[in-house]
Structure formats: C-alpha cells, structure tokens
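Enquirer: Handing you this structure, nothing more for now.
Every read-out reported here was derived from the displayed coordinates using simple, explicitly stated rules and does not represent laboratory data. Quick caveat: nothing in here was measured; it's all calculated off a predicted structure. Because the Cβ atoms are built from the backbone with ideal geometry, glycine has one as well, and the counts that use them run over all protein chains shown.
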Amino acid sequence: MPKYVYEFSEGSKEEKDLLGGKGANLAEMTRLGLPVPPGFTVTTEACRRYLADGVVPPELRVQVTRALRALEDRVGRQLGDPQDPLLVSVRSGAKFSMPGMMETVLNIGLNDVSVRGLAGVSGDERFAWDSYRRLIAMFGKTVLGIDDALFVEAMDSMKRSRGVTQDVDLGANDLEELVEVYKKVVHQETGRSFPQQPREQLDLAMNAVFDSWNTERARLYRRRERIPDDLGTAVNVCTMVFGNLGPDSGTGVCFTRDPATGRQGVYGDYLPNAQGEDVVAGIRNTLTLADLAERDPKSARQLYAVMRRLETHYRDLCDIEFTIERGKLWMLQTRVGKRTAAAAFRIAAQLVDEQLITMDEALQRVTGDQLARLMFPQFDRSAARTRLATGLAASPGAAVGEAVFDSATAVARHAAGDSVILVRRETNPDDLEGMIAAAGVLTSRGGKTSHAAVVARGMGRTCVCGAEAIDVDAAARTARVGDIVVNEGDVIAIDGSTGEVFLGDVPVMTSPVATYLEEGLDAALTGADEETAELVQAVHRVLTHADSTRRLGVRANADTGEDAARARRLGAEGIGLCRTEHMFLGDRRALVERLILADSAAARASALEALMPQQRGDFVELLEAMDGLPVTIRLLDPPLHEFLPDRTELSVRVAVARERGEDTAADETLLAAVERLHESNPMLGLRGVRLGLVVPGLFAMQVRAIAEAAAERIKAGGDPQVEIMVPLVGSVMELHLIRDETDGVLAEVAERENVTLDIPVGTMIELPRAALTAGRIAEAADFFSFGTNDLTQTAWGFSRDDVEAAFFAAYLDKGVFTVSPFETLDAIGVGRLVRIAVEEGRRARPGLKMGVCGEHGGDPESVHFFHEAELDYVSCSPFRIPVARLEAGRAAGAYDDTAAGLAGAR
Ligand code: PEP
Ligand code: MG
C-alpha cells in the first residue's frame with residue numbers, strides 16, 4: 001500500500017517532491033525539535049491519484065484515520081469533542097511556492113456543540129464564536145464554492161446594525177448571531193446544512209485543497225512561473241494554535257535578514273491578539289519584533305533563538321511564520337526566503353564571510369536574472385512621482401521620454417535628439433525601428449511574451465507591457481488613464497523592473513553594478529555608501545568566482561569596434577559573431593545597390609572594389625578592439641533585397657513619375673531588380689551560403705577584406721585571431737565550394753602581403769539538415785557555431801517575425817510552451833539537434849571547436865544546456881556578457897547538497 005500520509009516527525013526538507021515545500025519544512029523543524037504544533041502531511045502522490053481517478057484512494061481515508069487518531073492521542077484532545085475539541089488547519093503546500101493560489105481552511109472540528117466546549121476551555125466565548133464564524137465562511141467559500149461577498153455582506157450588515165466599524169468591536173453574542181446568518185447563507189446557496197461532522201469537514205476540506213491545484217488561476221500562475229502542471233499539491237493537517245486568545249497571544253512573520261537589502265539582523269511584523277490572515281490583510285498596524293521583546297521578552301528570546309537555529313541549519317535567509325498562544329511560541333512555517341536581487345548577492349557574500357557557506361555555494365545562491373536586474377539604470381525612489389498605471393515588468397530598466405504613438409515619430413524625434421517612449425496598444429514588426437529609436441516601450445495590451453516584450457528584451461530596451469488601465473488612441477495620439485490625458489510630447493517614465501508608469505520626469509541613476517562591470521571596482525566604489533559598496537563587492541566576488549569555475553568561454557556578438565571594446569570591458573573573451581550585413585547599411589547601401597544592379601562582370605567587379613576598402617576598415621577596427629582574442633566574422637547572410645527599396649513604395653514612385661511624364665529609367669531598373677529578387681519566404685530563400693554561391697565575387701570580396709585587415713594588423717604589431725564563418729550551410733558540398741574559393745583568396749593575400757595567415761574557416765549550424773549531417777560537414781569545417789535563432793525557426797517551422805506577435809501569447813496560454821523557444825532553448829527539440837551535431841561533429845573531427853551565437857547564448861537556462869552539451873563557448877549581446885559569465889560558472893559548479901554530506905544535517 002503506498003504511504004500517503006506522513007506525520008511531521010517522519011519527513012525532512014529534502015522531501016519537497018512528496019511533501020510539498022511547507023510540509024517538508026514543517027517536518028524539518030519538527031526533527032530539529034522546534035515547537036511545531038503536531039500534525040501530518042498528505043502527499044502530492046495522493047493528490048495526483050485523486051486528480052487522475054476523480055476519487056480519493058480508499059487507502060488514504062484509512063491512513064488519515066490512523067494519523068488523526070495518533071494526533072488526538074498525542075495532544076489528548078479529539079476532533080469534535082463537545083468539552084475540549086481538537087481543531088486543525090488544512091493547508092495546501094506544493095513543491096514550489098504558489099502564494100495565494102491554493103486553499104486553506106482553519107478551525108476544522110468546530111460545530112454547534114464543540115463551539116461551546118471551546119468557549120468553556122478557552123474561557124473566552126467571543127473567541128469561540130469568532131473561530132466558528134471564520135470556519136463557516138472559509139469552508140463555505142473554499143469547499144462549497146459560495147461567493148465570499150455573501151459572508152462579507154453579512155458581516156458588514158451586522159457591524160452596521162451594531163453601529164461599529166471594526167470586526168473586533170463585535171461581541172460574543174453578535175458573533176453567535178452571525179454564525180446563524182452564515183449557516184443560513186450556506187443552506188440557501190447549497191441546499192444543505194453546514195456539515196456538523198468534523199471528519200466530513202476534514203475530508204471535504206482536503207479534497208478542496210486537491211481541487212484547488214487545478215483552478216484557472218493556479219494553472220495560469222504555473223504557466224507563468226513555469227511550474228509543471230502534473231506535480232500536485234500536498235495537504236498539511238496541523239493542530240490549530242491561536243494567536244487571537246487575548247493580549248498575551250499574537251501572530252507574526254519574520255526574516256533572519258532583511259530580504260530587501262540583505263542587511264543582517266532580524267526583521268518582522270507582529271500583531272497581538274490576531275490570526276495569521278489578519279497580518280496579511282493589514283487590518284491593524286503591526287508591531288516590530290523589538291516591540292514584541294518588550295511585551296513578551298520570554299517568547300521573543302525564544303523566537304530569536306529559533307531564528308538563529310534555522311539560519312544555521314538552512315545556511316540561508318529564512319522566512320518564518322509564528323504564533324504565540326498565551327505566552328507559548330509555536331512555529332507554523334519556514335522556508336528559504338525570497339529576496340531582491342541586491343539582497344541575494346549581499347547575503348551570499350555575508351554567508352561566505354560568516355563561514356556558513358563556501359564560495360561554490362554562494363555562486364548557486366544568485367542568478368543571472370538577478371545580475372541583469374542589478375545592471376539596469378534605476379529610478380531614484382526618493383524622488384516625488386505620480387504613478388499613472390502598473391503593467392507587466394517586461395524588460396527591466398528605467399526610461400524617461402516624451403510619449404510618441406507611432407514608430408516613424410519615434411525615429412524622427414530620436415534623430416532630433418529627443419528621448420522618447422513609444423506608446424502603442426501593442427507592437428508589431430513594423431514598429432521595430434521605433435523601438436530601436438525609443439528609450440522605452442509601453443503597451444496597453446499583451447503579456448510578457450508579446451511582440452513588444454520579446455523584442456524589447458532581445459535588444460535590452462526597457463519595456464512595460466499590458467498596462468491595461470491605459471487607453472491608447474494612436475490616431476488621436478493620446479493615452480488616457482481616467483481623467484488624465486497624455487498627449488504626444490508629454491513626458492512619461494516607465495520602470496521595466498516593476499511595471500510602473502509615471503507621469504512626468506523621474507530622475508534616473510546609473511546602477512553601481514553597471515559602473516563596476518564597465519569601469520571596474522575602483523570606479524564603482526568611489527563615493528559609494530556602505531550598502532552600495534557591499535553590493536558591488538559581493539557582485540565582484542561572486543562573478544570572479546564564476547570566472548574561475550566556468551568551463552564555457554564567453555564571447556560577444558558585436559559588429560563594431562565600439563561594441564567590441566564595450567564587450568571586452570564587460571568580460572568578453574572574443575567575438576563569436578560579427579554580422580557583416582550591418583556594415584552594408586547607411587551610406588553603403590548605394591554601393592550594394594550598384595552591386596545588385598550590375599549588368600556585367602566589370603560593373604560587378606567595380607561595385608565590389610568600391611565596397612572592399614570599407615569592409616577592410618571595419619574589420620581592422622574590430623580586430624584592434626579584440627586584439628589577441630578570437631573574432632568570428634560571418635560572411636553575408638540576409639537576402640539581397642533587404643538592401644533595396646521597398647517594393648510597394650518603389651512601384652508607386654515609378655507609377656507617379658510615369659504619370660507625370662518624368663524620366664523613370666533608373667527607377668524602372670531598380671524596380672525590375674526588386675521584382676526579380678522578391679521572395680515569398682525570404683527566411684527560406686536566397687540567403688547565407690546560397691548567396692555566396694550564386695553572386696560571383698561577393699564572398700571573395702569579404703574574405704579578401706578580412707585577410708587584408710588581418711595582414712594590416714599583423715604589420716602594425718597586432719595579434720589578430722580572426723575566424724571566417726559561413727552561414728546557413730545545409731550540405732557539406734556548399735561548404736567545400738566556399739572553402740575552395742576562400743582558401744584561394746587567403747593564400748593569395750598571404751603571399752602578396754608576405755604574412756602568415758592562419759585563419760580557420762567554419763560554419764554555422766542553423767539548419768536541421770546541417771545538424772543531422774554534422775559528421776559530414778565537420779570534414780570541411782574548422783569549427784561549428786550553432787545559430788540557434790535560425791535553428792529554432794527551421795526546427796519548428798516558425799518564421800519568427802510572423803509568429804511571435806501572431807500567436808505566441810495564445811500558445812503560452814494554452815500551455816504549448818512555458819516560455820518562448822526564441823528566448824530559452826527548446827532543449828528537447830532544438831537541443832536534440834544540437835546534441836546530435838556535437839556528437840557527430842566531434843566523432844568525425846575530434847576536438848572540433850563549437851560555440852553558439854544565437855540569442856540563447858545569453859539566456860541563463862540555455863547557458864546551462866550548452867554547458868551540459870559540452871560546447872566550448874557561448875556568444876551573446878555585450879550587455880548579456882556578465883549574465884553568461886555568471887551562469888556558465890553556476891553550470892560548471894552546480895553544487896550538490898547531498899554530495900557534501902550536508903543533506904538532512906541536524
Ligand atoms: C542564428 O540564426 O542563431 C544567428 C545567430 O544568425 P541570425 O540571428 O543573424 O540569423
Ligand atoms: Mg541565422
């Protein structure tokens with residue numbers, strides 16, 4: 001028979017899968033001998049069986065009976081006893097905390113008879129009736145599905161009739177009367193009476209907790225938090241202790257350190273004469289722990305001792321709930337507490353200094369996301385601010401600017417030197433230029449994976465999305481919140497770390513962590529206050545340790561000398577992807593146009609000749625900025641029509657000019673080229689290596705520019721470590737053909753310039769066929785770099801620009817994804833292709849160097865995947881470099897509690 005029920009004394013904190021977080025930690029505290037009210041936990045396995053079968057497993061009923069009887073024997077009271085009843089709470093508790101998502105019922109065991117017994121033993125009639133009315137309301141709402149408003153309304157009308165405003169001003173008789181009203185509500189709404197049998201109350205409450213796993217809001221929460229749907233919740237049945245038994249009773253929550261700043265000390269709120277939910281509901285102002293120490297020194301001393309014990313035991317910040325019942329302290333819950341990003345780093349460093357954890361463990365106590373949060377500029381919280389609305393914190397940062405309502409205006413104003421916030425109902429790919437120009441993006445619709453959110457995060461732009469209180473009217477160029485109207489040009493401020501939107505300017509400060517990362521420790525510490533200095537030092541220590549731990553190299557995706565220099569300051573060990581197409585825009589677009597329109601070999605050669613020196617100049621700059629470190633330059637990837645004017649605009653221009661009888665010859669030639677190069681699916685068309693094979697001289701020109709740039713750097717005494725990368729290869733034959741040409745050009749330049757050019761030629765693996773034939777492709781490749789952006793597109797058959805805005809939100813809602821596969825690598829699908837290519841590539845060519853340069857290279861979870869897949873490096877945007885360094889360190893050092901023999905240590 002499976003064991004479905006564990007007494008608190010039987011479990012431990014390692015058993016969160018089975019007992020849920022709350023149950024496992026209650027068991028741990030019991031094992032430590034702390035004052036936990038006795039009880040038992042029904043396992044997540046029982047929940048899963050119940051949810052699968054629709055009925056409670058019969059063994060569960062039996063096991064609950066036995067555990068309940070044991071509990072009754074231990075405390076010497078029985079559930080429903082008319083004289084001295086045992087009362088229990090029934091609480092949910094899943095493996096991962098889902099605050100407020102599932103159900104709790106308190107005071108189980110009260111009925112029309114035992115309520116009088118409780119009044120007798122407690123000597124407090126008011127307390128007994130208050131407890132009973134709380135049970136009926138909670139049970140009514142949670143178990144019987146009655147609208148809570150009916151109970152609230154009954155309570156309000158009772159208060160009105162007695163002429164009081166506070167619940168606490170109602171007397172025992174009032175509450176006894178209220179119980180009758182509540183019972184009538186139950187009867188009216190369900191057609192049956194409030195169950196008087198305590199065991200029936202208990203069984204129904206347990207089922208309700210199981211059922212609450214699958215409520216709409218719980219499912220939604222899990223999808224958002226990426227908690228698997230099939231875990232189920234445990235149920236904790238615990239002896240009730242009461243904080244509402246008079247002035248020497250009370251309830252509170254506390255932390256062993258400040259979860260906001262990490263400051264050492266004990267922090268907490270205490271509410272005398274109250275039950276747990278009163279603290280959360282904020283019905284009265286709470287007292288501090290120091291106040292508690294004055295009122296009840298004995299309990300406070302005991303509490304401090306427990307806090308120290310728990311922190312020593314968990315070796316981390318603990319978050320604790322406690323109740324004092326007539327001067328006796330009880331521990332109701334503990335867990336490793338949530339904390340802000342700054343606190344996470346500071347606490348990790350503090351615990352190392354206190355010799356409670358090792359540096360390896362400290363590395364596991366912080367995340368790349370937390371580091372990223374610390375890098376963004378911050379609003380000065382001390383400044384006066386007018387909050388307009390709160391949306392979703394989609395992409396962190398603090399941005400201030402004039403509101404604009406379309407992409408073109410954003411671009412124009414930005415060009416004129418203004419800072420703008422692009423405000424849209426939602427964005428689409430046409431808004432891209434405006435998003436690039438804007439300091440921040442604000443939308444009134446869409447979730448965290450809406451187009452705006454995904455694109456903004458990708459380029460590190462601050463974004464608040466789904467601020468539904470804001471009514472955006474792009475045609476009228478206004479945004480309204482109630483009576484407040486924001487017109488084009490009005491200044492607004494958005495906080496992408498909190499989702500807040502403010503009217504008017506809010507001062508922004510550079511984050512000290514960003515200063516540290518870009519300019520070094522001394523710059524960040526100059527003039528810093530003590531707390532800031534501690535934070536910066538903590539980040540420095542943890543990141544330095546990550547660097548010494550990681551196996552993965554970290555490179556940057558950078559196309560300019562400036563970006564490369566910045567990336568280097570941020571810790572990049574080279575460039576993993578230089579996209580050369582960005583070098584063909586701006587003024588040079590005309591030269592590319594000439595190349596495309598060339599109607600003879602001579603014309604083509606002359607266009608290429610004109611482009612060559614410019615390319616060479618770009619590469620010299622890049623190689624100089626990354627001197628001594630590898631620089632991977634990718635040959636041209638996008639389809640040529642991206643360098644030509646828009647087809648529709650050009651057709652209109654030609655038609656209008658013809659109408660006016662103007663000379664249209666040049667435009668007609670251009671239009672013909674645009675028509676010729678038009679593709680229905682450019683992503684799958686003439687691009688990458690295919691271009692290199694059909695546009696004569698194009699790749700050769702780029703290779704010559706690279707070779708000459710390297711030669712120039714060598715002659716200048718530099719140490720260029722350039723690598724050439726061929727995009728979109730699907731067949732080894734493509735690579736052979738390009739290599740033949742490339743090797744020829746390299747040899748020619750080396751001879752002419754009289755230098756040794758040792759330039760590896762490798763390929764991107766960004767098509768499924770490339771991954772599946774990696775063993776063959778490896779014959780012609782000196783290295784592989786996984787282009788996981790295209791690999792994701794082609795493995796899924798998604799065109800990113802089309803699908804993200806169109807239906808990703810729906811896919812997330814329906815649970816097809818828990819996160820966009822463009823953000824976090826789809827390890828089981830796309831990742832499988834990566835693993836195949838790694839294995840077959842290295843089998844064919846042992847030691848073959850492999851990296852990744854898709855956006856996933858800077859995503860924490862994906863970095864762990866690439867570490868495990870045994871790549872040599874990840875390459876990502878410069879501003880993600882510190883995140884990748886940290887996560888690569890965490891992946892290499894993944895610390896196993898059990899291995900260190902610390903698991904379950906007492
Ligand atoms: C990729 O496909 O992952 C890649 C890096 O190339 P791009 O994003 O330029 O297509
Ligand atoms: Mg690509």
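Enquirer: How far apart, in nanometres, would the label points at residue 642 and residue 807 be if each is projected 7 angstrom from Cα along the Cα-to-Cβ direction?
Expert: 2.5
Enquirer: Pulled fully out, how much extra length does the chain show between residue 839 and residue 649, if you take 0.36 nm times their separation in residues and subtract their Cα-Cα distance?
Expert: Residue separation times 0.36 nm, minus the Cα-Cα distance, leaves 63.5 nm.
Enquirer: Further question: Within 10 Å of each residue's Cβ, count the other Cβ atoms and sort 577, 19, 51 from fewest upward.
Expert: 51, 577, 19
Enquirer: Same structure again: For residue 476 paired with residue 3, estimate the spin-label separation in nm (one decimal), with each label point 7 Å from Cα along the Cα-to-Cβ line.
Expert: Each label point is offset 7 Å from its Cα along the Cβ direction, giving 6.7 nm.
Enquirer: How do 2-10, 855-863 rank on mean C-beta neighbours within 10 Å, highest first?
Expert: Highest-to-lowest ranking by the protection proxy: 855-863, 2-10.
Enquirer: Next up: Cβ under 10 Å from residue 596's Cβ, residue 596 left aside: what net charge do those residues give with Lys, Arg +1 and Asp, Glu -1?
Expert: Net charge around residue 596: +2.
Enquirer: Given an 8 Å cut-off on Cα distances and at least 6 residues of separation, report the relative contact order of segment 250-336 as a percent.
Expert: For segment 250-336, the relative contact order is 30 percent.
Enquirer: Here is a further query. Measure nothing fancy, just the Cα-based angle from helix 698-715's long axis to the longest principal axis of the chain, in degrees from 0 to 90, nearest 10.
Expert: Helix 698-715 sits roughly 90 degrees off the main axis of the chain.
Enquirer: Once the Cα gyration tensor of segment 250-336 is diagonalised, what are the square roots of 5 times its eigenvalues, in whole Å and ordered largest first, as equivalent ellipsoid semi-axes?
Expert: Taking √(5λ) for each eigenvalue gives 19, 14, 12 Å, largest first.
Enquirer: What FRET efficiency comes out for the pair residue 219/residue 390, r = Cβ-Cβ distance, R0 = 25 Å, nearest 0.05?
Expert: It comes to 0.60.
Enquirer: Right, another one. With an 8 Å cut-off on Cα pairs and a minimum separation of 6 or more residues, tell me the relative contact order of segment 474-543 in percent.
Expert: Relative contact order for segment 474-543 comes out at 16 percent.
Enquirer: In whole angstrom, how far apart do the alpha carbon centroids of segment 301-318 and segment 231-267 sit?
Expert: 13
Enquirer: Then there's this: Calculate one ³J(HN,Hα) per residue across segment 752-769 by plugging θ = phi - 60° into the Karplus curve 6.51 cos²θ - 1.76 cosθ + 1.60, and present them in order as whole Hz with x for glycine and proline.
Expert: 4, 8, 6, 10, 8, 10, 10, 10, x, 10, x, 9, 7, 10, 9, 10, x, 5
Enquirer: Using a/c under 1.5 as the rounded threshold, could you call segment 389-503 rounded, prolate or oblate? The axes a ≥ b ≥ c are square roots of the C-alpha gyration tensor eigenvalues, and prolate needs a/b larger than b/c, oblate otherwise.
Expert: Rounded shape, in that the Cα axes give a/c under 1.5.
Enquirer: Right, next: So what is the relative contact order for the chain, in percent, with contacts set as C-alpha pairs under 8 Å and at least six apart?
Expert: Numbers: 1828 pairs, mean separation 83.4, N = 906.
It comes to 9 percent, rounded to a whole number.
Enquirer: I've got another one for you. Please list, by residue number, everything in segment 527-541 whose backbone N is under 12 Å from a paramagnetic label point 7 Å out along Cα→Cβ of residue 263.
Expert: Those under the cut-off are 530-532.
Enquirer: Right, something else. Relative to the longest principal axis of the C-alpha atoms of the chain, give the angle of the C-alpha long axis of helix 830-844, reported between 0 and 90° and rounded to the nearest 10°.
Expert: 50
Enquirer: Quote the FRET efficiency, to the nearest 0.05, computed for residue 818 versus residue 894 with a Förster distance R0 of 25 Å and r equal to the Cβ-Cβ distance.
Expert: Using R0 = 25 Å, I get an efficiency of 0.70.
Enquirer: Related question: Using the Cα gyration tensor of the chain, with a ≥ b ≥ c the square roots of its eigenvalues, what is the shape: rounded (a/c below 1.5), prolate (a/b larger than b/c) or oblate (neither)?
Expert: In terms of gyration-tensor shape, prolate.
Enquirer: Additional query: Estimate the FRET efficiency between residue 17 and residue 207 by the formula 1/(1 + (r/R0)^6), using the beta-carbon distance for r and 22 Å for R0, to the nearest 0.05.
Expert: So the FRET efficiency works out to roughly 0.55.
Enquirer: So, one more: Bin all alpha-carbon pair distances of segment 760-906 at 10 Å intervals from 0 and give each bin's fraction as a whole percent.
Expert: Calculated over all Cα pairs of segment 760-906, the distribution is 12, 36, 32, 15, 5, 1 percent.
Enquirer: Students often get this wrong: which residues of segment 365-395 have the backbone nitrogen under 16 Å from the point 7 angstrom along Cα-to-C-beta of residue 523?
Expert: 375-377
Enquirer: Something else: How long is the gain from residue 196 to residue 733 if the chain were fully straight, where each residue apart is worth 0.36 nm and the alpha carbon distance is subtracted?
Expert: Between residue 196 and residue 733, full extension yields an extra 185.3 nm.
Enquirer: Let me ask you something else. Taking amide hydrogens as modeled 1.01 Å from N in the peptide plane, which residues meet the under 5 Å criterion relative to residue 631, leaving out close sequence neighbours?
Expert: 575, 721, 722, 723
Enquirer: So how far, in whole Å, is the C-alpha centre of segment 134-198 from the one of segment 702-724?
Expert: 81
Enquirer: Still on this structure, please answer the following. Figure the gain on full extension for residue 157 and residue 551 (residue separation times 0.36 nm, minus the Cα-Cα span) and round it to one decimal in nm.
Expert: Going from the current span to full extension adds 135.1 nm.
Enquirer: If you wrap segment 5-237's Cα atoms in a convex hull and average its projection over all directions, what's the area in nm²?
Expert: Result: a mean projected hull area of 13.3 nm².
Enquirer: Now for a separate question. Quickly rank 256-268, 474-486 as a protection proxy: mean count of other C-beta atoms within 10 Å, highest first.
Expert: 256-268, 474-486
Enquirer: Could you check the simple spin-label distance between residue 676 and residue 59, using points 7 Å along Cα→Cβ, in nm with one decimal?
Expert: Label-label distance for residue 676 and residue 59, simple model: 7.6 nm.
Enquirer: Per-residue counts of other Cβ atoms within 10 Å, averaged by peptide: what ranking do you get for 555-563, 876-884, 676-684, highest first?
Expert: Working: 555-563: 22.6, 876-884: 25.8, 676-684: 13.1.
Highest to lowest by the protection proxy: 876-884, 555-563, 676-684.
Enquirer: Here's something else I'd like to know. Read phi for every residue in segment 13-24 and hand back ³J(HN,Hα) as whole Hz from Karplus 6.51 cos²θ - 1.76 cosθ + 1.60, θ = phi - 60°, with x for Gly and Pro.
Expert: 5, 6, 9, 5, 4, 8, 9, x, x, 5, x, 5
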